[in-house]
Amino acid sequence: MKIKEEMKGDVVVIGLSGKVIGGPELVEVKDAFQKAVDQGHSKVLLDLGKVSWMDSSGLGVIVSGHTTLSRAGGALKILNATKKIHELFIITKLITIFDTYTDEQEALKSFGD
Amino acid sequence: MLPIEIRFPSDPSVLEPVQQIIEAVGRSADVEEDELSSLSVAVVELVKNAMEHGNGNDPDKMVTVSFSIFPNRIRFLIDDEGTWEPEKALGFNPGEGDELLSTRGRGILISRNLAKWVEFGLTPEGKTRVTLIWPIA
């Protein structure tokens, strides 16, 4: 799994790629959410478009990010969840918690709503 | 077909190879390409539970996955070295109420939803055995 971070306006876009299967690398994702808050950014868009495989470990770290960012007064939103990942959000009912988008511009704009 | 067995330590570093093996098993049984990742997620979730709840994440303790391919289904057996019950190990329903925001505990829920047929039981030696049946169209 790889992590890429970039600023788009006042939103931190974190892109994950590869397999999100658990282990120490998930700590990096958790740390990326915390780092955003520590640097004064509480709006994060998580791009999952290049994630080829994910299970409950990935969902766990996403929920952790949601809690971290919500407490900081911001939000974590999801971009480009694949069909399989979207299915996991439905099974676990996390779809009721997260706003999901397939268009980056629309997603970025939504933080200003 | 007689069962084929793979045995590995309770170490997260083996999860990716195990995931690849499960997808290879599915491919050899003509599981549709689009369904292979769902199959491997369903099995890997149970493997992770076996490592954690059955073996206490002790790398000296082993998890055994055996599989048998039949004309209309694949049967996976996931064995660990402990004896545990899923409801007691979990202690809550991660898909409901305040637990919705738990950072863990969704593995069995996901596995049961993807595979449709997941049953917890015991081996003849009294250790935990999970049976997962994956139908083949």
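The values are calculated or read from the model by the stated rules, or taken from the named source; none is laboratory data. Fair warning: this is a prediction, and the values are worked out from it, not measured in the lab. Counting neighbours? That spans all protein chains shown, and the Cβs are built from the backbone with ideal geometry, glycine included.
Within region A:4-40, take every residue that is more than 18 Å from A:LEU69 (Cα to Cα) and within 14 Å of chain B (Cβ to nearest Cβ) and give me the one that is nearest to the chain's Cα centre (by Cα).
Step by step, filter region A:4-40, then rank; the result is A:VAL20.
Any residue at all in region B:83-103 that is within 16 Å of the chain's Cα centre (by Cα), away from chain A (no Cβ under 12 Å) and of a type in the set (Asp, Glu)?
Checking region B:83-103: at least one residue is within 16 Å of the chain's Cα centre (by Cα), away from chain A (no Cβ under 12 Å) and of a type in the set (Asp, Glu).
Out of region B:27-43, which residues are facing another protein chain (nearest Cβ under 10 Å) and either over 15 Å from the mean Cα position of the chain (by Cα) or outside any helix (DSSP H, G or I) (or both)?
B:ASP34, B:GLU35
Quick check on this structure: which one of A:LEU26, A:LEU16 is touching a helix residue (DSSP H, G or I) at 6+ places or on another chain (Cβ under 9 Å) and modelled with pLDDT under 95?
A:LEU26
Okay, residues lined up against (1) more than 24 Å from B:VAL44 (Cβ to Cβ); (2) β-branched (Val, Ile, Thr):
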residue	(1), (2)
A:ASP10	yes, no
A:GLY18	no, no
A:SER57	no, no
A:LEU69	yes, no
A:ALA72	yes, no
A:LYS77	yes, no
A:ILE91	no, yes
A:GLN105	yes, no
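Scan region B:44-79 for residues that are within 14 Å of chain A (Cβ to nearest Cβ), within 27 Å of B:GLU32 (Cβ to Cβ) and of a type in the set (S, T, N, Q) and jot them down.
B:ASN49
Out of all the residues in region A:62-83, which are surrounded by 22 or more Cβ atoms within 10 Å (Cβ to Cβ) and touching a residue at least 40 places away in the same chain (Cβ under 8 Å)?
Correct list: A:LEU76 only.
Using the structure shown, decide if A:LYS93 is farther than 23 Å from B:SER13 by Cα, in contact (Cβ under 8 Å) with a residue 60 or more places away in the chain and charged (D, E, K, R).
Considered against the rule, which asks whether it is farther than 23 Å from B:SER13 by Cα, in contact (Cβ under 8 Å) with a residue 60 or more places away in the chain and charged (D, E, K, R), A:LYS93 comes out as no.
Are any of the residues in region B:43-65 in contact with a strand residue (DSSP E or B) (Cβ under 8 Å, 6 or more places away or on another chain), surrounded by fewer than 17 Cβ atoms within 10 Å (Cβ to Cβ) and touching a residue at least 60 places away in the same chain (Cβ under 8 Å)?
no
Take the residues of region A:41-52 that are under 17 Å from A:GLU28 (Cβ atoms) and crowded, with 20+ Cβ neighbours inside 10 Å: which is nearest to the other protein chains (Cβ to nearest Cβ)?
A:VAL51
I need the full set of residues from region A:64-107 which are within 13 Å of the chain's Cα centre (by Cα), of a type in the set (A, V, I, L, M, F, W, C) and farther than 30 Å from B:SER40 by Cα, in order please.
Passing the criteria: A:LEU69, A:ALA75, A:ALA107.
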